[in-house]
Structure formats: C-alpha cells, structure tokens
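In what follows, a single structure is set out as structure tokens and then discussed.
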Amino acid sequence: MKVDVLLGLQWGDEGKGKVVDVLTPKYDVVARFQGGPNAGHTLEFGGQKYVLRSIPSGIFQGDKINLIGNGVVLDPALFKEEAEALEASGHNLKDRLHISKKAHLILPTHRVLDAAYEAQKGKSKVGTTGKGIGPTYTDKVSRVGLRVGDLLHGFEEKYQAAKARHEAILKSLGFAYDITEAERKWLEGIRYLKEFSLVDSEHEVNGYLRQGKSVLCEGAQGTMLDVDFGSYPFVTSSNTICAGACTGLGVAPNRIGEVYGIFKAYCTRVGAGPFPTELFDETGKKIRDIGHEYGAVTGRERRCGWIDLVALKYSIMLNGVTKLIMMKSDVLDGFETVKACVAYKQGGQEIDYFPYDINEGIEPVYVELPGWNEDMTKMTSEDEFPEEFNAYLSFLEEQLEVPIKIVSVGPDRAQTIVRYED
Ligand code: GDP
Ligand code: IMO
Ligand code: MG
C-alpha cells in the first residue's frame, strides 16, 4: 500500500481539516506529519464546529487510528486542553491516538522565545502564531531539542537543561517574562501525555502499509509557508510540502500515492509577508466578510485576494499533486466577475513562473471571468453548477493541468461535491 497526502497549496487555512474529515471513511489511519498548534483545522458536522490544532482531523470517525508523527512539534499544555475538550464531548481518544516518541516538545520557554524574537524584529516581524514553533524546530535542528520519548527516560534533567539554556538567551535579549503559570500547566500536560500510546511511529506506519492498511497524511499550513520554498522569511519553520510527509512520518518517497492539493477559489494569508494578489479595496473586504476570513484559533483577520495561478502551479510542481480540491466556491457566489492571476510583472517584464523573490515589485496580471450569481451552498451535485462556475472550473483545470476532483460549497461535511470517483 501507499500513503496518500493531503496538503494546502496556498498560505494555509485552505480547508484541510474539513476535507480530511470527509475523506477519512476511506482510510484506516490519519497522520499529521509536520507543524504543531500553529495549525487550526476546522470541521463542521451535525450542527457542531470543532477546531483541531495538534490532533489529526480523522479523530471524529469511529475506529480510525490517528497518529501524530515525528515531524510534528507538540505543546503538552495545549494538547491536554484540546484532547480533554474532545473527550468531554464524547470522543474517546486514548486507544486511537498514537504519538511518535520522536516528535519534539514545545517548552513554555520556546513560546517566550518566539515572542522575544518577534519583538526584536520590530517592523519586519513574521507575525507568527506565537506558539513557539520556530524556536522548537530550531532546537531540533541544533540537536538540543526535547522529544516525547524523553518523557520515558531522564526527563527532568533534560527539561531543566533546555530551560536554563533558553533563560540565558532571554536574559541576553533583556526580555521580561513570567512562565510560572504556563509551566504549571505544561507539567500537567506532560503527565497527561504519558497516558497515551507513545510509539515508534515510523515502524507503525510502515507496518500498516505492509498489512495493506490505507493511510492519509494530513498537512498543516500551506506550500507557500514552506521553510524552503515559501515566501521566505515570512514562512513557518517546517517543510509543509509533500516531502515533509516522508521525513515527518518515516515513509519512503516511493510509498507516496495520491497527492491531494487543496486550494480556495480565491486566496488568503494571515500574518506578514508578500501576497501578490492581495486586495486592499472593497472586494477584498467583501471576500473576508462572506468567507468569514478570520483565524480559526487566533481570530486574526486574514488578508484576502484573487486566486494566484502562478503560485498554485509552483505548489503543484513542488508537491506532485495528482488531484485538486477547490474550497469555498460559495464565497464567490455574489460577484459580477472573478479574477485569476495568470502571470506576474516584475521589473517591467512579464513572467509566468514563481520567482526567487516576491517580496517586492510584483504586479499581478489578471484574466477576468464572468461570475455566477447563484447560491451554491445547497447544491449537492455538479449537475446543478451554474454555467459560469463550470467555465471557471474548466479554466482552472486547463491552466493547472490537474483535475479538480472535489468542490466544496460550504463549511459543513455535507457541503462537499465529489465530481468523480476513481
Ligand atoms: P485549515 O486550516 O486548512 O483546516 O482551514 P481553516 O479551518 O483554518 O479555515 C477554513 C475555514 O473555512 C473554516 O472556517 C471552515 O469551516 C471554512 N470552510 C471550509 N470549506 C468551506 C467552504 O467550502 N465554504 C465556506 N463558506 N466555508 C468553508
Ligand atoms: P493551518 O494548518 C495559516 C503562518 C503565521 C505566520 C507564519 C509563521 O491552519 O493552515 P509560525 O507560528 O508557524 O511560526 O508562523 O505562518 N501560519 C499559518 N497561517 N494557517 C496556518 O495553519 C498557519 N500556521 C502558521 O500566521 O505568518
Ligand atoms: Mg487553519
């Protein structure tokens, strides 16, 4: 068997959580492979709304195994909060949620360091989620990180050493902080974490594949936030692309099957950094209002703009996308026309590829298409799609050269139209 991977092609928040939940019945296992509680994955069904941060979005479907892979960074305090809320709403996790011993732990001082580094950057700050993601991955790469497996051996000593190291850095930066309460909660989280199955996830995943079990890997963030290929330095600190599923789970590249690339019918970004198709006018505001474009966890306003096909083509190339999934189609219901960026103008020249630097001087070149003035949220089959919407889909498929398999027309699990079965 191979693993399928589902990941975001834009700047995150494409709707990954919703679609993972929709696809889960077809899989035995759902696994997160990178990122951490910087993610906020929203699922809606049965009139209920859930936001997941570290727990995979397959958790709501009965007997499925959910796995937090080695590439993830885990904050025990936030994990406890998230898991306990799910347990309180009747979802038993303990026998279905496995956590890699090789996943790195986010310490309270990592969060303080995140804030300190942002403060130091002043105007050029990244606008991180403040969850300690960058400092935790930094420690991992510097070979001084604390891992989930350390809970089982020599934890106290390793924790105190890491904390002392962080405190020395914070002192040198002159950054004032108090972690008393955060540390108390964190240590409670550590005790709670021990109640879960802490596993050698690379053996577990490959064992599932040998047994013929199907695995869906759930990406977090989006390709344009990838630490290597995103809009650096305004990115997250992990590889969000498909290759991240290999390193973040211990799955060999030749074990990758379908790659589902998910994108919004338009584009959003939260935090700082370049965004070539960003709209600063009434249209951008309209998209934000209709699309409820506010962060799932932080509530931060998301920046909105038209779809960027130059960036999407780049993402498709980097990930080897085999199937596309288009989200939030309904949000564009009430527009006279819709625009798609098909090229950039940089230094007076038109380019159709994603350049080294998009931080300055990029001007989008648009194609304008007729809008569809129909409410799509109640539609259940593609036979009901307005003609203009079909034209938009065909245009995108032609440009992107990958079929759009799923169209989402609302936040609920049920508002999902699968255009064809394989
Ligand atoms: P994720 O991080 O990729 O899982 O996405 P988020 O949960 O951060 O953001 C997606 C938002 O769009 C959530 O509020 C979803 O409930 C909502 N959503 C998902 N699909 C659709 C859709 O097709 N239409 C509308 N209107 N909302 C959607
Ligand atoms: P999901 O999985 C959107 C952004 C932050 C910031 C940059 C770095 O819900 O799509 P970090 O805290 O990771 O160091 O922040 O990345 N960012 C996200 N934006 N969706 C996310 O996750 C994000 N996770 C991080 O806003 O610009
Ligand atoms: Mg999100």
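Tabulated data
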read-out	value
Computed Kirkwood radius, in angstrom, where 1/r is averaged over Cα pairs of region 347-416	15.0
Hydrodynamic radius of region 220-364 per Kirkwood, over alpha carbon pairs, in Å	16.3
Net charge of neighbours whose Cβ lies under 15 Å from the Cβ of S394, counting Lys and Arg as +1 and Asp and Glu as -1	-4
Neighbourhood charge, 12 Å Cβ-Cβ cut-off, centred on I133 and excluding it, Lys, Arg +1 and Asp, Glu -1	0
Potential lengthening between V51 and F175 on full extension [0.36 nm per residue; Cα-Cα distance subtracted]	41.5 nm
Square roots of 5 times each gyration tensor eigenvalue, C-alpha, the chain, largest first, Å	35, 26, 19
Region 94-200 - percent relative contact order, Cα under 8 Å, separation 6 or more	45
Long-range HN-HN contacts of Q34 with modeled amide H, under 5 Å	A220
Too-long pairs where the Cα-Cα distance tops 22 Å, listed order kept, from K328/K405; K125/K163; K131/K163; K101/K131; K64/K158; K18/K101	K125/K163; K64/K158; K18/K101
Sequence of M376, M317 from largest to smallest accessible area, 1.4 Å probe	M317, M376
Karplus-derived 3J(HN,Hα), 6.51/-1.76/1.60, for each residue of region 19-28, Hz, glycine and proline x	6, 4, 4, 5, 7, 3, x, 7, 10, 8
Residue-span extension gain [E301 to T138] - 0.36 nm each, minus C-alpha spacing	55.9 nm
Relative packing of peptides 129-137, 334-342, 114-122, 21-29 - highest average C-beta neighbours within 10 Å first	129-137, 21-29, 334-342, 114-122
Under Karplus coefficients 6.51, -1.76 and 1.60, residue-wise ³J(HN,Hα) of region 409-422 in Hz, glycine/proline x	10, x, x, 6, 3, 6, 8, 9, 10, 8, 6, 7, 9, 6
Chymotrypsin sites (Phe, Trp or Tyr not before Pro) within region 220-272, DSSP loop, no more than 10 other Cβ atoms inside 10 Å	none
Sequence of V141, V3 from largest to smallest accessible area, 1.4 Å probe	V141, V3
Residue among Q346, S315, S329 farthest towards the positive dipole end of region 308-354, charges placed on Cβ	S315
Residue-wise HN-Hα coupling along region 248-265, computed from phi with Karplus coefficients 6.51, -1.76, 1.60 (Hz; x: Gly, Pro)	x, 9, x, 9, 5, x, 6, 9, 7, x, 6, 10, 8, x, 10, 8, 7, 5
Segment A414-K26, extension gain: residue separation times 0.36 nm, minus the distance between their alpha carbons	138.1 nm
Rg/Rh ratio calculated on Cα atoms of region 160-245 (Kirkwood radius)	1.10
Cα centre as origin, Lys/Arg/Asp/Glu Cβ charges: the chain dipole, Debye	1720
Global form of region 65-164, assessed from the alpha-carbon gyration tensor, a/c cut-off 1.5	oblate
Rel. contact order, % - alpha carbon contacts under 8 angstrom, at least six apart, region 242-397	23
Residue-averaged 222 nm ellipticity for the chain, from DSSP H runs of 4+ at -39500 (n - 2.57), nearest 500	-9500 deg cm²/dmol
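The values are calculated or read from the model by the stated rules, or taken from the named source; none is laboratory data. All of these numbers come straight from a predicted model, not from anything done at the bench. Note: ideal-geometry Cβ built from the backbone for every residue, glycine included; neighbour counts use all protein chains shown. Note: accessible area is taken over every heavy atom of the protein model, side chains too, but ligands, DNA and RNA are not part of it. Shrake-Rupley method; radii C 1.70, N 1.55, O 1.52, S 1.80 Å.
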